[in-house]
Protein chains: 4
Amino acid sequence: MAADTTIAKPAQPRLRADALRNRERIVAAAREAIVEHGAGSPLDEIARRAGVGNATIYRHFTDRRELIHHVALSVMSRAADQAESALAEEPDGFSALERFVHAAADERIGALCLLLSDGIDKEHPDLIATRDRLSADVEALMGAARAGGQLRTDIGVGDLMVALNQLTRPLPGSACVNFDTFVHRHLQLFLDGLRAPARSELPGESVTLQDLQQRP
Amino acid sequence: MAADTTIAKPAQPRLRADALRNRERIVAAAREAIVEHGAGSPLDEIARRAGVGNATIYRHFTDRRELIHHVALSVMSRAADQAESALAEEPDGFSALERFVHAAADERIGALCLLLSDGIDKEHPDLIATRDRLSADVEALMGAARAGGQLRTDIGVGDLMVALNQLTRPLPGSACVNFDTFVHRHLQLFLDGLRAPARSELPGESVTLQDLQQRP
Amino acid sequence: MAADTTIAKPAQPRLRADALRNRERIVAAAREAIVEHGAGSPLDEIARRAGVGNATIYRHFTDRRELIHHVALSVMSRAADQAESALAEEPDGFSALERFVHAAADERIGALCLLLSDGIDKEHPDLIATRDRLSADVEALMGAARAGGQLRTDIGVGDLMVALNQLTRPLPGSACVNFDTFVHRHLQLFLDGLRAPARSELPGESVTLQDLQQRP
Amino acid sequence: MAADTTIAKPAQPRLRADALRNRERIVAAAREAIVEHGAGSPLDEIARRAGVGNATIYRHFTDRRELIHHVALSVMSRAADQAESALAEEPDGFSALERFVHAAADERIGALCLLLSDGIDKEHPDLIATRDRLSADVEALMGAARAGGQLRTDIGVGDLMVALNQLTRPLPGSACVNFDTFVHRHLQLFLDGLRAPARSELPGESVTLQDLQQRP
DNA sequence: GATGAATGAGTCTTCATTCAT
DNA sequence: TATGAATGAAGACTCATTCAT
């Protein structure tokens, strides 16, 4: 179901077992650090969390940009996995959507905002491919719920994904107690607002993930 | 209606007119810079926006922490003003709440997350006073809506304020086109989720602004 | 006679006296350091020599490239000054050429090789202008000597300038005793080889300074 | 004719054929890399050129200093070979000198400046022996030319070797087009300056290779 | 014996803060 | 008082060298 996003260049001969383990630990540590302290987390801090020397990060990723790139790939890929599982396993359309939203939060999809970060190559094929996979998966989820008459019809994938991203972003500073469970309250409230029938008329137009990455 | 929050120490003799103007321009510039480029905006950048030399910032604020402190005060104070206006002028409870939410977004209440930032003295009396004023104002708004049977009863001030803060936080990088109007869609969807009758059961417990600032 | 090369952008309002002094000390220190330890001299070392903090270098030059750029300008400009003085004051064509060659060595023209360094913008207008001034001055010197029948006719400005640069480049490591006076022997031998009549036929073609900066 | 300079310690049992091949490839790669990108070439780059892993360098040379040491030995040894061939095969004294100078340039004798580099043990017996062999060979060449009345009498081995070294040093950055053939022009001009009768009086005193390595 | 991977020390660069005009 | 300039501490990145396979 899920493509393995940790292999950057299939051309590379082969990674030693311990090196591969390190690579994954670095991406995981980076995801946590970024989610906690923002995209500007010191690489030394990330290295410390991953239990490696700082220079090891540079053996795997040429620079900060590339590390962030891979974190974004990882987060989106895992979220897409969740979307696909939910769609396949939940009988009810809106339930699948709800399951996805809460699961994506647990997968730290708040790091999705990295997509918009200045320090990233938005044209990169891998990024576009993964973004489009996630986008299509969420579209499918929303389509199913809409088809069941459970989802209001005036919203698009971008509406959901941006709000999801924002609501799950970590608060700055060391997070407050139980923030994680707190987040699920907001997500649920937002989901309630998505249900049909619509309780209001929305301003503006809905947006896609692709639109969001356009430069002004 | 609104207390002037730009005067730090009433004991101070009095600021010259131009100095006061500078002070306010610095706070305004900082609010914009923080909202656009994140809490890590260089002070030189803020000074440039304010049209003053960098050292002038230090004449008004002892250090970065204090500047951020005053930006937080300013944002909360202006949001409280909006809450009070809405409550006074809108006949309908839920309408007042909606008006406040959208107005607060325009007041850059996304900078509210500074409240939780590490680099700030959360015990400062001014901060507590302003936070409590805002909190009370929002509580009044919610109370009115709840009294009219328009607002679900399982949510608290903290739920609203945190979600409001999160949904209006600037996206990293130079913001995408029309993000401002886009935000109002999310806010409206969230507001629709707040309406009575509740469409779901929420996990966890509601929280107050005061709770949020507690250390774990 | 000599243009002041230390003013980068005439648009800049004005530099404070002490800042201007620092700027010049930095360029001078960089010239010495580069001539002694190569173009890779640590900026901290340059700062130490100039008697300023390391960050001060960055106030004057955005990065290492720009500093090197200005050192190259300074060296070429001073060499051009020497060429112009020699041409104006020496009655004899070849004597003027000799005076220029030895004077350029004392001006550390060995740093001229910076022109070809990777870390420099070879298209920069200031650089091109100064290079062309120097080139024209040397051409004039050579033309006068050639007109007097004292200079062989099969050589060009590039021949002289590259050999001059090479022969005056500092030896790596801390220079040996009296290397400076030693260099003047090699220059004199080379000058003797330049005299008419030519004692050999040269391979290849003569080159201009402009040619040297072309990319392959 | 030429001693094999690639064997560091004759006491060593014996190198396997492939190990010996690797050793020689490393030295050759280092010579090329140093000549192209300067003495600071990364060891990883040298390993890549040699087609070996980086750690293999350390199996053959304890550290960077020792590698450079062997490169210097190799360059001097090959230059000495050229000097001996020229002396043996050319009937005319000055012609032999000319042949040697141009041949030495092609052997990258520009790397000779490594001799003076800080990162090298100037007291090492092998280095002294090879230097003295080269020095004696060049002295023989100059002696023959001087005996034929073709070489001016006010210059020594150090004059020739240093100028030869300097004129053939690679320019920094990626070299310009045809720099190799360009160098031979400068060498020829310099050689023309060496011919008797002397066209000028030289400043200072002539120097030997031994003198050059003395510490101040 | 050879290799890919890991590391710590060193360099460049930025920025909050202080100083001198 | 307000300002441009200076600074030290901190973060990104490179590279010689060591380690584990």
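The values are calculated or read from the model by the stated rules, or taken from the named source; none is laboratory data. Small disclaimer: the values here were computed from a predicted structure and weren't measured. Glycine also receives a Cβ, built like all others from the backbone with ideal geometry; neighbour counts cover every protein chain displayed. The accessibility values were calculated without ligands, DNA or RNA, using every heavy atom of the protein model including side chains. Shrake-Rupley method; radii C 1.70, N 1.55, O 1.52, S 1.80 Å.
Here are some notes:
- Per the conditions (1) modelled with pLDDT under 90; (2) more than 9 Å from every other protein chain (Cβ to nearest Cβ); (3) assigned to a helix (DSSP H, G or I), the sole criterion not satisfied by B:P170 is (3).
- When the stretch B:52-64 is filtered for residues that are under 23 Å from B:E107 (Cβ atoms), within 9 Å of DNA strand E (Cβ to nearest atom) and in a helix (DSSP H, G or I), the ones remaining, listed by number, are B:I57, B:R64.
- Some residue of the stretch D:150-160 being in a loop (DSSP other than H, G, I, E, B), at the interface with chain C (Cβ under 9 Å from one of its Cβ atoms) and touching a Gly at 6+ places or on another chain (Cβ under 7 Å): no
- Selection within the stretch B:119-149 - open to solvent by 40 Å² or more (accessible area, probe 1.4 Å) and outside any helix (DSSP H, G or I): B:D121, B:E123, B:H124, B:G148, B:G149
- Inclusion of B:A88 among residues that are farther than 17 Å from B:V162 by Cα, among the aliphatic types (A, V, I, L, M), within 20 Å of the chain's Cα centre (by Cα) and not assigned by TED's automatic domain parsing to the domain that holds B:V157 is not warranted.
- Filtered by the rule that a residue be of a type in the set (G, A, S) and away from DNA strand F (no atom under 13 Å from the Cβ), the stretch B:30-51 gives B:A30, B:A33, B:G38, B:A39, B:S41.
- One residue stands out in the stretch B:179-216 among those that are modelled with pLDDT under 80 and more than 7 Å from chain A (Cβ to nearest Cβ): the one that is most open to solvent (accessible area, probe 1.4 Å), namely B:R215.
- Matching residues, the stretch A:1-51, being within 14 Å of chain B (Cβ to nearest Cβ), within 15 Å of DNA strand E (Cβ to nearest atom) and at pLDDT below 85: A:G38, A:A39, A:G40
- Qualifying residue in the stretch C:118-138 (condition: over 30 Å from D:L212 (Cα atoms), away from chain D (no Cβ under 11 Å) and at pLDDT below 85): yes
- Counted residues, the stretch B:52-101 - those being surrounded by 17 or more Cβ atoms within 10 Å (Cβ to Cβ) and more than 16 Å from DNA strand F (Cβ to nearest atom): 28
- Cβ-Cβ contacts under 6 Å between residues 6 or more apart (or on different chains), taken from a first residue in the stretch D:36-49 that is among the small types (G, A, S) to a second residue that is within 8 Å of DNA strand F (Cβ to nearest atom), are listed as D:A47/D:N54; D:A47/D:I57.
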